[in-house]
Protein chains: 2
Amino acid sequence: MTPFTITATDPGSRARAGILRTAHGDVPTPAFVPLATKATVKALEPHEVVALGYDMVLGNTYHLFLDPGHELIARFGGLHRFMGWNRPIITDSGGFQVFSMGHGTVADEIKRRPPGTATGGRERAGKVLAIEEDGVRFRSYIDGSEHELRPETSMAVQAALGSDVALVFDECTPFHVDRDYTARSTARTHRWLERCLTWHAEHGPPEQLVYGIVQGGVHEDLRVESAETVAASLCHGIAIGGSLGADKAQIYEVTGWATAVLGGRAEGKPRHLLGIGEIDDLIAGVELGIDTFDCAMPTRVGRHGMALVPDPDRRWRIDLGSARFRDSDEPIMEGCPCPACTAGHPRGYLRYLLKSRELTALRLLTVHNLAFVARLMADLRVAIAAGTLAQTARALREGAAPGLQPQTS
Amino acid sequence: MTPFTITATDPGSRARAGILRTAHGDVPTPAFVPLATKATVKALEPHEVVALGYDMVLGNTYHLFLDPGHELIARFGGLHRFMGWNRPIITDSGGFQVFSMGHGTVADEIKRRPPGTATGGRERAGKVLAIEEDGVRFRSYIDGSEHELRPETSMAVQAALGSDVALVFDECTPFHVDRDYTARSTARTHRWLERCLTWHAEHGPPEQLVYGIVQGGVHEDLRVESAETVAASLCHGIAIGGSLGADKAQIYEVTGWATAVLGGRAEGKPRHLLGIGEIDDLIAGVELGIDTFDCAMPTRVGRHGMALVPDPDRRWRIDLGSARFRDSDEPIMEGCPCPACTAGHPRGYLRYLLKSRELTALRLLTVHNLAFVARLMADLRVAIAAGTLAQTARALREGAAPGLQPQTS
C-alpha cells in the first residue's frame with residue numbers, strides 16, 4: 001500500500017495536499033507535528049492535543065532511549081500505549097540530539113541562535129565521544145554514562161517504541177564544518193540509510209514506515225545528490241535534515257534544492273522538514289513541497305510567555321510577560337477560537353500568572369499556540385485544495401489571522 | 001437573608017450538612033475549598049475546577065495585595081473577573097501569611113513540620129517589622145519593600161477583590177509563644193474583629209459575607225472565650241484559626257473546644273477551619289461541626305508527585321515518583337472515576353513524567369487529588385443527610401475509596 005496519496009497540487013508552487021496513511025490512522029497534509037519529546041506534549045494530555053487539531057506527534061528517540069529506555073516502553077506495549085496516544089507517532093533517529101550535543105551548535109544554527117546562547121545548560125553534559133563508520137558513541141546528557149547508537153540500534157529502538165514513522169540514523173552535519181567534511185559525512189549517512197533499511201526489512205515492524213534523511217549541508221551539489229540517493233532508496237518517505245542555512249533565505253533555498261529533485265519517481269513519497277516551524281517557515285515550506293513539519297517553537301515559546309499572533313512584524317509573537325500588558329483587558333488574540341482565548345482570560349491576567357510562574361499560564365499559551373499553528377496548517381490545506389494557495393499565503397504573510405478567513409473546507 | 005441553611009444534622013456528632021449562599025452561588029457543605037492563592041488553582045483552569053466538583057476557591061489576600069495589587073484586580077472588575085471564576089470566592093485576611101513569615105513557624109506548626117523544614121526559602125524574605133494595636137508592618141516576601149496591613153486595610157483590600165466571603169484581620173498566634181502572649185494577642189484580635197465589622201458595615205460590599213476568626217491558641221479558656229466573642233459579634237460566619245496543636249489529637253481537641261460553644265444563637269453561622277485538610281482531618285473536622293475547609297494539601301502534594309489513595313496506613317498518599325512504580329501498569333487508583341485515572345495513564349508512565357519534571361504529570365496529579373477530596377466531601381454530605389455518617393466515616397478511615405460506595409444522593 002502506498003502510504004501517501006496526493007489529493008491536490010498547487011499550480012503556482014510545489015505545494016501539495018495529501019493524506020499520509022499509517023497504522024494508527026491518517027494524517028491530512030500539509031501538517032504540523034507537535035513535539036512529544038519525553039512521551040508527552042509538554043503541559044497537555046493526549047485528548048487535548050487531538051482536540052487542538054493534531055493527528056500526529058513526534059517522540060524523540062534520543063531522550064526515550066536514555067530514559068526511561070525503549071525496553072521499558074516496549075514492556076508497556078510501545079510508545080502509543082505508554083503515553084496514551086492512539087494516533088500516528090513519528091520518531092526521529094536520535095542522531096540529531098546526539099550530534100547537536102557533540103557539535104554543540106547544530107540546533108543553534110538551525111534556529112539561527114548566536115553561539116553560546118543555545119539549548120540550555122542541562123543538555124551540555126552530553127557529548128559525542130566518537131563518530132565512526134559503525135556508529136556513534138556518546139555520553140548521556142542525564143548522567144554522563146556512555147552509550148552507542150548505530151543505524152541498527154536506532155532502528156531497533158524505534159521498532160521497540162513502535163512508532164508509525166521511523167527516521168533512519170544520520171549524521172546531522174553542522175554549519176561550521178567544511179565542504180569536505182560535509183561530503184564525507186553525507187556519504188556515510190547514505191551508507192547508514194542502506195543499513196537502516198536492511199535492518200528494518202528483516203526485523204522492523206511491517207507496518208512501520210521508514211523515512212530516509214537528506215543531508216548535504218548548504219552545498220547544492222551535495223544536497224541534490226543526497227536527495228537523489230534517498231529518493232532512489234526503498235524508504236517510504238523523505239526527511240530533510242541538517243543545517244539548512246544561516247538565514248531564512250538560505251534555508252528556503254537549500255530546502256528547495258532538495259524538493260526540486262524529489263519529483264518524478266519519488267513524487268509520491270511524503271516529505272518531512274526536520275525541526276523547522278516558524279510561521280513564515282511553515283508557509284514557505286509548504287510552497288516548497290513539504291508535507292509535514294516538526295518544531296519545538298509553538299510549545300516552547302508558549303512556556304516562555306510568548307503567544308502567537310497574526311503579526312509578521314513581531315515574528316508572529318508577543319511576549320505576554322511584558323509589563324506593557326499589566327493592565328490589558330484584551331484577550332490573547334482577538335477573535336481567536338482557541339480554548340484559551342474563548343475562556344476570556346485577559347492579557348493582564350496571563351501576564352500576572354506568567355510573572356508568578358503559574359503552570360496554568362504555560363498551559364494556556366501552549367494551547368493557544370498549538371491551536372494557532374493547527375489553524376494555519378488547515379488554511380494551507382484548504383487553500384491548496386481550492387487552488388487559492390497564492391492568495392492565502394500572501395494574506396497569512398501579511399498578517400491575516402489563520403482560520404479566520406472565510407473559506408470552503 | 002441568612003447566608004447559611006442547615007439541611008441535616010448528624011445525631012452522633014456535631015456534623016451538619018447545609019447550603020452556604022453567596023452572591024456568586026450556593027456551596028453545599030461540608031465542602032473543601034481549593035486554594036487559588038495567586039488567582040489560579042495551580043495548573044488548572046476555572047472550568048476544570050468546577051468539573052472536579054468544586055463550588056468555591058480561596059484567594060490569598062497577602063499574595064494578591066503584594067502582587068498584582070488589589071487596585072489592579074479592581075480595575076479588571078474584581079477577582080472573579082480577573083481570574084475567570086464566576087462562583088463563590090473566599091479570601092483570607094492576609095494575617096496568616098504576614099504572621100507566618102514573621103514568626104517563621106506558624107504554618108509549620110499547624111502542619112506539624114519540624115522547625116526549619118518549613119514553607120520554602122523564598123517566602124523567608126518576608127518579615128514582620130512591628131505588631132501594634134493599629135496593625136502590622138511587614139516586609140514583602142517578593143522584594144523586601146515595606147507594607148502595612150491594618151484591620152481596615154485588610155477589609156478594604158478584600159472589598160476591592162470583591163470576594164464573596166471575607167475574613168477579618170487577626171493575629172495568627174504561633175505555638176511557641178506563652179499563654180500570656182496568646183491571651184493578649186487574642187484580645188487584640190477581638191478588637192480588630194470589631195474594627196473590621198465596623199469598616200465593613202460602612203464601606204464593604206453589602207453582598208460580601210464577613211467571617212470572624214477564633215484564636216486562643218491551645219488554651220481551652222482562651223479558645224472558648226474567643227469562640228464566644230466571635231459568635232456574639234455581627235459576623236456572618238466563623239473561622240477557626242491559629243495554632244491548633246502539636247498533633248492531630250490536640251488539633252481535634254482544640255477545634256472541638258471552639259465548635260462546642262458555637263451552638264445556640266451562633267448555630268446557624270457557617271464555620272470554616274483554616275488551613276486544615278489532610279484526609280483524616282477533614283473527616284474529623286466534619287464530625288466536629290466544621291462546614292468548610294481550605295488547605296494546600298491536595299494540590300501541593302500532587303505537584304510533589306503524591307497521589308491520594310484510600311490507604312490510611314500511608315496517610316492516604318503514595319509517592320508516584322518512587323522507583324518502585326517504574327514498571328507499574330496500574331492506574332493511579334483502581335476504580336477512580338477522575339479524568340486522570342480514566343485516561344488510563346499507568347503509574348509507570350506518571351513516574352517517568354514526574355522524574356522528567358513534565359508539567360503534564362503535575363497537572364494529572366492535581367486533578368486526581370482534587371477529585372479524590374471532592375468525592376470524600378460528597379460522601380460526607382450524603383452520609384449526613386442519610387443519617388449514616390458514623391458508618392461512612394468509619395469506612396473512609398479504614399480505607400474505603402471515596403465516591404465508590406453505593407449511596408443515595
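Derivation of every value follows stated rules applied to the coordinates shown; laboratory data play no part. As the structure is a prediction and not an experimental result, all values here were calculated from the model. When we count neighbours, we look across all protein chains shown, and the Cβ atoms used for this are built from the backbone with ideal geometry, even at glycine.
Quick notes on this one:
- HN-Hα J in Hz across the stretch A:297-304 - Karplus 6.51, -1.76, 1.60, θ = phi - 60°, x for Gly and Pro: 3, x, 6, 5, 5, x, 5, 9
- Placed amide H near A:Thr22: partners under 5 Å, 5+ positions off or other chain: A:Val27
- Mean Kyte hydropathy of 1.0 or more with a Cα span along the axis of at least 24 Å, helices from DSSP in chain A: A:359-386
- Distances in nm from A:Glu194 to the matching label points in the other copies, shortest first (labels 7 Å along Cα to Cβ): 9.7
- Our coupling estimate for the stretch A:306-314, obtained by passing each phi through the Karplus curve with A = 6.51, B = -1.76, C = 1.60 and θ = phi - 60°, is 8, 10, 6, 9, x, 9, x, 5, 10 Hz, Gly and Pro reported as x.
- Shielding by partners - mean other protein chain Cβ count within 10 Å, residues of A:334-344: 1
- Residue mean of other protein chain beta carbons inside 10 Å, B:351-360: 6
- Cα centroid separation - the stretch A:156-182 against the stretch B:168-186, whole Å: 67
- Annotation: the antiparallel percentage among DSSP beta bridges lying fully within the stretch B:118-234 is about 75.
- Cβ-vector label at 7 Å, A:Pro28, separations to other copies in nm: 4.2
- Which listed pairs, of A:Lys127/B:Lys42; A:Lys42/B:Lys127; B:Lys127/B:Lys355; A:Lys42/A:Lys127; B:Lys38/B:Lys355, have C-alpha distances above 29 Å, in listed order: A:Lys127/B:Lys42; A:Lys42/B:Lys127; B:Lys127/B:Lys355
- Partner chain coverage, peptide A:34-45 - average Cβ within 10 angstrom: 4
- Rounded if a/c under 1.5, otherwise prolate or oblate - the stretch B:4-295, Cα gyration tensor axes: rounded
- Across the identical copies, the 7 Å label point of A:Lys248, projected outward along Cα→Cβ, sits 6.1 nm from its counterparts, in ascending order.
- All lysines inside 16 Å of B:Lys248 as judged from Cα atoms, apart from same-chain residues fewer than 8 positions distant: B:Lys111
- Distance from the stretch A:344-409 to the stretch B:343-409 (C-alpha centre basis), Å: 37
- Long-range HN-HN contacts of A:Ala8 with modeled amide H, under 5 Å: A:Ala17
- The amide H of B:Leu209, built 1.01 Å from its N in the peptide plane, has B:Val165, B:Ala166 as neighbours under 5 Å, considering only residues 5 or more places off or on other chains.
- Computed over the stretch B:296-409, the range of Cα coordinates on each principal axis works out to 47, 25, 22 Å, biggest value leading.
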